[in-house]
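The block underneath contains the structure these notes are about, expressed in C-alpha coordinates.
The values are calculated or read from the model by the stated rules, or taken from the named source; none is laboratory data. Nothing here was measured: the structure is a model prediction, and the numbers come from that model. No Cβ is skipped: glycine too gets one built from the backbone with ideal geometry, and neighbour counts run over all protein chains shown.
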(Lines give C-alpha, C1' and ligand atoms only; values in the text may rest on other atoms or scores of the structure.)
Protein backbone atom coordinates (compact mmCIF):
# COMPACT_ATOMS: atom_id res chain seq x y z
CA UNK A 1 0.00 0.00 0.00
CA UNK A 2 1.25 3.45 -0.91
CA UNK A 3 1.75 5.87 1.94
CA UNK A 4 2.33 9.58 1.80
CA UNK A 5 4.86 11.09 4.20
CA UNK A 6 3.93 14.33 5.91
CA UNK A 7 6.70 15.91 7.95
CA UNK A 8 5.44 18.36 10.56
CA UNK A 9 6.96 21.49 12.00
CA UNK A 10 7.92 21.42 15.69
CA UNK A 11 4.85 23.46 16.61
CA UNK A 12 2.44 21.09 14.84
CA UNK A 13 4.35 18.07 16.12
CA UNK A 14 3.58 19.16 19.70
CA UNK A 15 -0.13 19.47 18.89
CA UNK A 16 -0.48 16.01 17.31
CA UNK A 17 2.20 14.14 19.27
CA UNK A 18 0.29 10.84 19.51
CA UNK A 19 -0.17 10.69 15.71
CA UNK A 20 3.53 11.12 14.92
CA UNK A 21 5.07 7.89 13.62
CA UNK A 22 8.58 6.80 14.50
CA UNK A 23 8.92 4.46 11.51
CA UNK A 24 12.16 5.12 9.68
CA UNK A 25 11.82 3.05 6.52
CA UNK A 26 8.64 4.15 4.81
CA UNK A 27 8.45 3.80 1.05
CA UNK A 28 7.73 7.19 -0.45
CA UNK A 29 4.60 7.62 -2.56
CA UNK A 30 4.59 9.07 -6.10
CA UNK A 31 3.89 12.60 -4.83
CA UNK A 32 6.93 12.58 -2.57
CA UNK A 33 7.10 14.24 0.84
CA UNK A 34 4.77 16.89 2.22
CA UNK A 35 5.47 19.47 4.91
CA UNK A 36 2.71 20.57 7.31
CA UNK A 37 2.63 23.61 9.56
CA UNK A 38 -0.03 25.13 11.75
CA UNK A 39 -1.26 28.73 11.66
CA UNK A 40 -4.19 30.47 13.28
CA UNK A 41 -7.12 32.49 11.99
CA UNK A 42 -9.16 34.05 14.82
CA UNK A 43 -7.84 31.40 17.26
CA UNK A 44 -8.86 28.53 14.97
CA UNK A 45 -6.13 26.06 13.98
CA UNK A 46 -5.46 25.80 10.28
CA UNK A 47 -2.84 23.72 8.49
CA UNK A 48 -0.76 24.68 5.51
CA UNK A 49 0.44 21.56 3.69
CA UNK A 50 3.05 21.97 0.97
CA UNK A 51 4.28 19.30 -1.40
CA UNK A 52 8.09 19.45 -1.26
CA UNK A 53 8.54 18.34 -4.88
CA UNK A 54 6.05 20.69 -6.57
CA UNK A 55 5.51 23.39 -3.89
CA UNK A 56 1.74 22.83 -4.28
CA UNK A 57 -0.29 24.07 -1.29
CA UNK A 58 -3.41 22.74 0.42
CA UNK A 59 -5.05 24.50 3.37
CA UNK A 60 -7.09 22.69 6.02
CA UNK A 61 -9.19 24.94 8.25
CA UNK A 62 -10.53 24.74 11.79
CA UNK A 63 -8.77 21.48 12.70
CA UNK A 64 -9.66 20.31 16.19
CA UNK A 65 -8.28 17.38 18.21
CA UNK A 66 -11.51 15.47 17.51
CA UNK A 67 -10.87 15.83 13.75
CA UNK A 68 -7.61 13.88 13.93
CA UNK A 69 -9.37 10.53 13.70
CA UNK A 70 -10.55 11.46 10.20
CA UNK A 71 -7.62 13.68 9.13
CA UNK A 72 -6.71 11.35 6.26
CA UNK A 73 -10.12 11.75 4.61
CA UNK A 74 -10.15 15.48 5.38
CA UNK A 75 -6.79 15.91 3.62
CA UNK A 76 -7.82 13.83 0.60
CA UNK A 77 -11.10 15.75 0.21
CA UNK A 78 -9.38 19.14 0.55
CA UNK A 79 -6.58 18.13 -1.85
CA UNK A 80 -9.07 16.84 -4.43
CA UNK A 81 -11.23 19.98 -4.14
CA UNK A 82 -8.14 22.19 -4.51
CA UNK A 83 -7.00 20.30 -7.60
CA UNK A 84 -10.42 20.74 -9.22
CA UNK A 85 -10.48 24.45 -8.26
CA UNK A 86 -7.02 24.86 -9.83
CA UNK A 87 -8.21 23.21 -13.05
CA UNK A 88 -6.42 19.88 -12.58
CA UNK A 89 -8.90 17.16 -13.45
CA UNK A 90 -8.35 13.78 -11.83
CA UNK A 91 -10.62 10.98 -10.68
CA UNK A 92 -10.97 10.90 -6.87
CA UNK A 93 -10.35 7.14 -6.72
CA UNK A 94 -7.12 7.57 -8.72
CA UNK A 95 -5.98 10.34 -6.37
CA UNK A 96 -6.92 8.20 -3.38
CA UNK A 97 -4.73 5.36 -4.65
CA UNK A 98 -1.83 7.76 -5.34
CA UNK A 99 -1.98 9.16 -1.80
CA UNK A 100 -2.73 5.87 -0.04
CA UNK A 101 -2.40 6.31 3.70
CA UNK A 102 -0.92 9.28 5.52
CA UNK A 103 2.08 8.96 7.83
CA UNK A 104 2.90 11.92 10.06
CA UNK A 105 6.58 12.19 10.83
CA UNK A 106 8.62 14.55 13.01
CA UNK A 107 10.31 17.54 11.44
CA UNK A 108 12.90 16.84 8.78
CA UNK A 109 14.60 20.24 9.20
CA UNK A 110 13.96 21.07 5.53
CA UNK A 111 14.73 24.77 5.81
CA UNK A 112 14.09 25.50 2.16
CA UNK A 113 10.47 24.27 2.31
CA UNK A 114 9.91 25.82 5.75
CA UNK A 115 11.12 29.17 4.39
CA UNK A 116 8.81 28.77 1.39
CA UNK A 117 5.88 28.09 3.74
CA UNK A 118 6.74 31.07 5.92
CA UNK A 119 6.71 33.29 2.82
CA UNK A 120 3.28 31.87 1.93
CA UNK A 121 2.05 32.56 5.47
CA UNK A 122 3.13 36.19 5.08
CA UNK A 123 0.99 36.41 1.93
CA UNK A 124 -1.89 34.74 3.78
CA UNK A 125 -1.61 37.37 6.53
CA UNK A 126 -2.31 40.07 3.96
CA UNK A 127 -5.29 38.19 2.60
CA UNK A 128 -6.57 37.41 6.12
CA UNK A 129 -6.64 41.16 6.80
CA UNK A 130 -8.67 41.61 3.61
CA UNK A 131 -11.29 38.99 4.49
CA UNK A 132 -11.29 39.12 8.31
CA UNK A 133 -13.16 36.08 9.58
CA UNK A 134 -12.63 32.48 8.49
CA UNK A 135 -16.27 32.25 7.34
CA UNK A 136 -15.68 35.08 4.85
CA UNK A 137 -12.62 33.47 3.28
CA UNK A 138 -12.65 31.28 0.23
CA UNK A 139 -9.91 28.87 1.30
CA UNK A 140 -9.68 27.33 -2.17
CA UNK A 141 -9.19 30.81 -3.64
CA UNK A 142 -6.44 31.64 -1.13
CA UNK A 143 -4.64 28.36 -1.87
CA UNK A 144 -5.13 29.02 -5.59
CA UNK A 145 -3.41 32.40 -5.15
CA UNK A 146 -0.47 30.61 -3.53
CA UNK A 147 -0.41 27.92 -6.24
CA UNK A 148 -0.43 30.49 -9.06
CA UNK A 149 2.32 32.71 -7.67
CA UNK A 150 5.57 32.29 -9.66
CA UNK A 151 8.05 30.03 -7.87
CA UNK A 152 11.61 28.96 -8.58
CA UNK A 153 12.36 25.26 -8.87
CA UNK A 154 15.89 24.19 -9.64
CA UNK A 155 19.38 25.32 -8.74
CA UNK A 156 20.22 27.68 -11.59
CA UNK A 157 19.10 31.29 -11.81
CA UNK A 158 17.60 30.97 -15.28
CA UNK A 159 14.17 32.48 -15.95
CA UNK A 160 13.16 29.12 -17.38
CA UNK A 161 13.31 27.64 -13.87
CA UNK A 162 10.39 29.83 -12.76
CA UNK A 163 7.06 28.07 -12.87
CA UNK A 164 3.80 27.71 -10.96
CA UNK A 165 3.07 25.11 -8.29
CA UNK A 166 -0.21 24.31 -10.04
CA UNK A 167 1.63 23.43 -13.27
CA UNK A 168 4.23 21.34 -11.44
CA UNK A 169 1.52 19.34 -9.64
CA UNK A 170 -0.30 18.79 -12.93
CA UNK A 171 2.91 17.41 -14.51
CA UNK A 172 3.54 15.16 -11.52
CA UNK A 173 0.01 13.72 -11.52
CA UNK A 174 0.13 13.10 -15.28
CA UNK A 175 3.35 11.03 -15.06
Identify, by number, the condition in (1) exposed (fewer than 10 other Cβ atoms within 10 Å of the Cβ); (2) in contact with a helix residue (DSSP H, G or I) (Cβ under 9 Å, 6 or more places away or on another chain); (3) in contact (Cβ under 8 Å) with a residue 24 or more places away in the chain that residue 155 doesn't meet. (3)
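For (1) modelled with pLDDT of 95 or more; (2) within 18 Å of residue 118 (Cα to Cα); (3) out of contact with any helix residue (DSSP H, G or I) (no Cβ under 8 Å at 6 or more places or on another chain); (4) part of a helix (DSSP H, G or I), each residue gets a yes or a no:
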{"residue": "5", "(1), (2), (3), (4)": "no, no, yes, no"}
{"residue": "13", "(1), (2), (3), (4)": "no, yes, yes, yes"}
{"residue": "31", "(1), (2), (3), (4)": "no, no, no, no"}
{"residue": "36", "(1), (2), (3), (4)": "yes, yes, no, no"}
{"residue": "39", "(1), (2), (3), (4)": "no, yes, no, no"}
{"residue": "47", "(1), (2), (3), (4)": "yes, yes, no, no"}
{"residue": "84", "(1), (2), (3), (4)": "yes, no, yes, yes"}
Which is in contact with a strand residue (DSSP E or B) (Cβ under 9 Å, 6 or more places away or on another chain) and surrounded by fewer than 16 Cβ atoms within 10 Å (Cβ to Cβ), of 101, 115? 101
Top-ranked residue in the stretch 122-144 [being touching a strand residue (DSSP E or B) at 6+ places or on another chain (Cβ under 7 Å) and either assigned to a strand (DSSP E or B) or farther than 20 Å from residue 83 by Cα (or both); ranked as modelled with the highest pLDDT]: 128
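So that you can scan it fast, the table gives a plain yes or no per residue for (1) without any contact (Cβ under 8 Å) to a residue 24 or more places away in the chain; (2) within 26 Å of residue 12 (Cβ to Cβ); (3) under 17 Å from the mean Cα position of the chain (by Cα); (4) not in a helix (DSSP H, G or I):
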| residue | (1), (2), (3), (4) |
| --- | --- |
| 77 | yes, yes, yes, no |
| 93 | yes, no, no, no |
| 112 | yes, yes, yes, no |
| 116 | no, yes, yes, no |
| 120 | no, yes, yes, no |
| 146 | no, yes, yes, no |
Please find, among 62, 108, the residue that is touching a residue at least 24 places away in the same chain (Cβ under 8 Å), under 22 Å from residue 145 (Cα atoms), in a loop (DSSP other than H, G, I, E, B) and in contact with a strand residue (DSSP E or B) (Cβ under 6 Å, 6 or more places away or on another chain). 62
